[in-house]
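One structure below.
The values are calculated or read from the model by the stated rules, or taken from the named source; none is laboratory data. A quick note: this is a predicted structure, and the numbers were derived from the prediction, not measured. All Cβ positions, even for glycine, are placed from backbone atoms using ideal geometry, and neighbour counts span all protein chains on display. Calculation scope for accessible area: heavy atoms of the full protein, side chains included, ligands and nucleic acids excluded. Shrake-Rupley method; radii C 1.70, N 1.55, O 1.52, S 1.80 Å.
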Amino acid sequence: MNIGLIGCGAVGRKRAQHLAGAQLVRCADIDLPRARHVASLSDGCVAGSDWRELLDHADIDAVIIATPQDSQVEIARAAISAEIHVLVEKPAARHVDELRGLPQLAAEHKVRVRVGFNHRYHRAFQHAKRLVDSGILGPLLFLRARYGHGGRLGYASEWRAQPQRSGGGELIDQGVHLIDLARWFLGEFIEVNGFAHTYFWDMPVDDNGFMLLKTATKQVAFLHVSCTEWKNTFSWELYGRDGKLQVEGLGGSYGVERLSWYKNLPDMGPPETTIWEYPMADNSWATEMAEFIEDIRGMREPSAGLHDAIAALAVVAKIYAASGYDHRA
């Protein structure tokens, strides 16, 4: 399968290195030297600066869109119209309204569109989902999660801090990962409450987002994302009647990825505890890509697709509106 890559920054380079056996044949970036660097990673890959020209080539089966949010929808729409399958990085748009009609366009052109929610494919989450689906937690009660980093020098000057490009701050950046994971385990949220605010960074977008999301059966997801988390943190806890699952760390600066199962015992007291650690390299990108390839070959609907991006961005939009942010272009 021949892959085109649009956007050759940090995420684009990571995608180019985890293609699950597919072949990168073309890449494009407005910074041509950056595109040439990524092209050098794959034999025979051709670099360019115009994404439209990339889509004109008949040798492209699927395209990965790893650009800032302000161009994601335009590129995705053009690729779909050219009947090229699409993997677009989360959040897939600046605002939920930009995605309206895109699922229908994909269906019309018989194109598979996957949204890059790679956190679903971390080993700990793949294992946690199998455990939950087996019923070991019993009825699910609530979920609590934190995801944060501390930014870096110059962070407030990067494109992520420009609302016309990013669509918002930490809530739309890291927050959509937590929202997507919460929906994956608990289902749809019918009640959305939250608050986004800028506490530290001198920028017109939020640096912290707080969410309280509720399903029709009163299951709650209490989520917090931050770029004032001076020690990088990832902590995710799912509670059921019969126990709890906890995922900590994502590797690298977030610490060793670990899944813990706390089994509630008949006499209560300290739970029976089982811990799995995943100290090896992150394989989520390759696993996600392999599933995307199978989506295309089997013409099946991706498990993380446009409907998931729309649901996550709808939550973001409600919280931004309630918090006084309006980042729509």
Subset of the stretch 272-301 (residues that are in contact with a His (Cβ under 9 Å, 6 or more places away or on another chain) and either modelled with pLDDT under 95 or not in a helix (DSSP H, G or I) (or both)): TRP276, TYR278, ASP282, ASN283, GLU301
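Return the only residue of ASP70, ASP59 being of a type in the set (Asp, Glu), open to solvent by 10 Å² or more (accessible area, probe 1.4 Å) and part of a helix (DSSP H, G or I).
Answer to the selection: ASP70.
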Failed condition for HIS327, given (1) touching a Phe, Trp or Tyr at 6+ places or on another chain (Cβ under 9 Å); (2) more than 21 Å from ILE172 (Cβ to Cβ); (3) not polar (S, T, N, Q): (2)
Members of the stretch 141-162 found to be open to solvent by less than 30 Å² (accessible area, probe 1.4 Å) and not hydroxyl-bearing (Ser, Thr, Tyr), listed by number: LEU143, ALA145, GLY148, HIS149, GLY150, GLY151, ALA161
Verdict on GLU257 being touching a Lys or Arg at 6+ places or on another chain (Cβ under 7 Å), surrounded by fewer than 19 Cβ atoms within 10 Å (Cβ to Cβ), of a type in the set (Asp, Glu) and more than 30 Å from GLN164 (Cβ to Cβ): no
Subset of the stretch 4-17 that is open to solvent by 50 Å² or more (accessible area, probe 1.4 Å) and not hydrophobic (A, V, I, L, M, F, W, C) - its residue that is nearest to ALA290 (Cα to Cα): GLN17
Matching option when the condition is surrounded by fewer than 23 Cβ atoms within 10 Å (Cβ to Cβ), touching a strand residue (DSSP E or B) at 6+ places or on another chain (Cβ under 9 Å) and outside any strand (DSSP E or B), among GLU229, GLU188, GLU237: GLU229
Criterion (part of a loop (DSSP other than H, G, I, E, B) and touching a residue at least 60 places away in the same chain (Cβ under 8 Å)) met by exactly one of GLY44, GLY21, GLY4: GLY21
Search result, residues across the stretch 78-112 that are touching a residue at least 40 places away in the same chain (Cβ under 8 Å), more than 22 Å from GLN164 (Cα to Cα) and open to solvent by 10 Å² or more (accessible area, probe 1.4 Å): HIS85, PRO103, LYS110, ARG112
Residue within the stretch 271-287 that is within 30 Å of ARG100 (Cα to Cα), among the hydrophobic types (A, V, I, L, M, F, W, C), surrounded by 15 or more Cβ atoms within 10 Å (Cβ to Cβ) and within 23 Å of the chain's Cα centre (by Cα) present: yes
Close pairs from the stretch 242-254: first among the hydroxyl-bearing types (Ser, Thr, Tyr), partner modelled with pLDDT of 95 or more and surrounded by fewer than 18 Cβ atoms within 10 Å (Cβ to Cβ), Cβ under 7 Å, at least 6 apart: SER253/ASN232; TYR254/ASN232
Flag for ALA106 being of a type in the set (A, V, I, L, M, F, W, C), over 29 Å from ASP326 (Cα atoms) and modelled with pLDDT of 95 or more: no
Residue within the stretch 23-31 that is buried (at least 22 other Cβ atoms within 10 Å of the Cβ), within 25 Å of PRO163 (Cα to Cα) and not hydroxyl-bearing (Ser, Thr, Tyr) present: yes
